[in-house]
Structures are given as C-alpha cells and as structure tokens.
Amino acid sequence: MAAKLKKGDTVVVLTGKDKGKTGEIQSVDPKAGKAVVEGLNMAIRHQRQGQNTQGGRVPLAMPIDLSNLSYVDANGKATRVGFKDQDGKKVRYAKTTGDVIDA
C-alpha cells in the first residue's frame, strides 16, 4: 500500500488521549502501521546515568497507529489523502480541497 502519511507531514490525532492535538510526524513504521508524532502520546521512561549522559525520568514520544492520524490541509482541517496522476507522476492530494501535497 502506498504511504498516505510521510515524515514531515502535519497531522491531527482523531482518537485517544491526545484527540484534537496536532503535530509533525518524526518517523513512520509502515510495516507496523505506526508513526511517532512530535510532542504527542508522551510516556515517561527511566534512564540510567552514564558516563556522558544525565540519568532520570525522560519524556519520550511513543508510536500512534496510522488509522488514528489524519493529514491537516491548508485550511487547518483534517482531510483524507488520495492519489492522482499529474504530468505522468503519482502525487498525493488533500481530498477536501483538492490541493496537491507533493509538488
């Protein structure tokens, strides 16, 4: 299946504890169907002190399922992503506005 959401996209969370919040995708794992969004779905992880690192409680962004994320269009609203052919090249576009995402 083609990647509807990619690294660097601005997305909104549809369900869960961070519902309605927006953020930028830091990484995507297509095989697991999950993405890490900057500043969302935070969890506290304990880190042991090392020779060059400070120990303590470290907040870490955890993966969110791709089905719970939606692309944010130019109007700032959640939209679905579609594919169309433009000049012989496959591009992503926002279904609400029809604007091309990948130029």
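Nothing in this text is a laboratory measurement; each read-out follows from the coordinates by a stated rule. The structure displayed is predicted, hence computed values, not measured ones. For neighbour counting, all protein chains shown are included, and Cβ atoms are generated from backbone atoms with ideal geometry for every residue, glycine included.
Hand me the list of strands (runs of 3 or more DSSP E) wholly inside region 1-89 holding 3 or more residues that are under 16 Å from Asp99 (Cβ atoms).
The strands (runs of 3 or more DSSP E) meeting that bar are 69-72, 81-86.
Return the pair list, or none, for Cβ contacts closer than 7 Å from residues in region 81-103 that are surrounded by 12 or more Cβ atoms within 10 Å (Cβ to Cβ) to residues that are acidic (Asp, Glu) and assigned to a loop (DSSP other than H, G, I, E, B), at least 6 apart or on different chains.
Once the first residue is surrounded by 12 or more Cβ atoms within 10 Å (Cβ to Cβ) and sits in region 81-103, its partners that are acidic (Asp, Glu) and assigned to a loop (DSSP other than H, G, I, E, B) give Val91/Asp102; Arg92/Asp102; Tyr93/Asp99; Ala94/Asp73; Thr96/Asp73; Thr97/Asp73; Asp99/Asp73.
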